[in-house]
Amino acid sequence: MKDYYGILEVNEKASPEIIEKAYRTLVKKYHPDLYSSIEKIEAEKKLKDINEAYNILSDNFLRSQYDLELQKERNRIQMNNNAFDQNAFHQNTLNQNIQNNQQTVNQKRTENIFGNKRKKQKTEYVKNKNKNNVGTIFGLVDLVKDLWANKPPKGERKKMDKTDWLAVGLTIVALLILGVILWFIPFTNGWMRQLLFENPIFNFIGGLFS
């Protein structure tokens, strides 16, 4: 849609007098007799648009109809711009959400990789440590630590019944019998004496009953 106000170089609120004055000024400025060759052709086209604009804006009825259509055109353009801006906003929001989700996935993937690596290293360390401590007092200490670390929560622990106490009693009796057997075996008698009489823990326990 042509902008007749722009062609006549006047404001949309311009009075009929100002429109007529602008028209006469532009007619003199773009009169074809003032130009030659290519410039003359351009001046004729410009003068044609000036005459068309003046014919519309100089008539009150045609000008009111033109203003109405001009406002509708501007409203359509504004609605299209708003729709474009809204679509652009939604697209930017969608891209941002996709980027955030991808960052979250990458972060969790990295955490899982390093977490599995640390878990594997810890498992290998525990295995090697337990392998080296088998049959030693340190192995027993590690066993107690593992049992204490993996104990069930307080609310989930069950009370010991007669069967559990019987198992504990039989374990103690078996350890005592094993100790007596090791005591009477010449090969292990020296180790048992060292364990019972030179160990500060057993000496402390014996001192309590002496």
(Q) For the structure I just gave you, tell me whether THR136 is modelled with pLDDT under 60, open to solvent by less than 100 Å² (accessible area, probe 1.4 Å) and hydroxyl-bearing (Ser, Thr, Tyr). (A) yes
Q) What about ILE172, is it out of contact with any helix residue (DSSP H, G or I) (no Cβ under 6 Å at 6 or more places or on another chain), open to solvent by 80 Å² or more (accessible area, probe 1.4 Å) and modelled with pLDDT of 65 or more? A) yes
Q. Taking ASP85, is it in contact (Cβ under 8 Å) with a residue 40 or more places away in the chain and either of a type in the set (Asp, Glu) or open to solvent by 90 Å² or more (accessible area, probe 1.4 Å) (or both)?
A. no
Q) List pairs: first in region 39-66 and closer than 15 Å to ALA14 by Cα and open to solvent by less than 70 Å² (accessible area, probe 1.4 Å), second of a type in the set (Asp, Glu) and in a helix (DSSP H, G or I), Cβ under 7 Å, 6+ apart or cross-chain? A) SER58/GLU20
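The values are calculated or read from the model by the stated rules, or taken from the named source; none is laboratory data. Predicted model, so just to flag it, every value in this text is computed and none were measured. Virtual Cβ from ideal backbone geometry, glycine too; neighbours counted across all protein chains shown. Please note that ligands, DNA and RNA were not included when accessible areas were found on the heavy atoms of the full protein model with its side chains. Shrake-Rupley method; radii C 1.70, N 1.55, O 1.52, S 1.80 Å.
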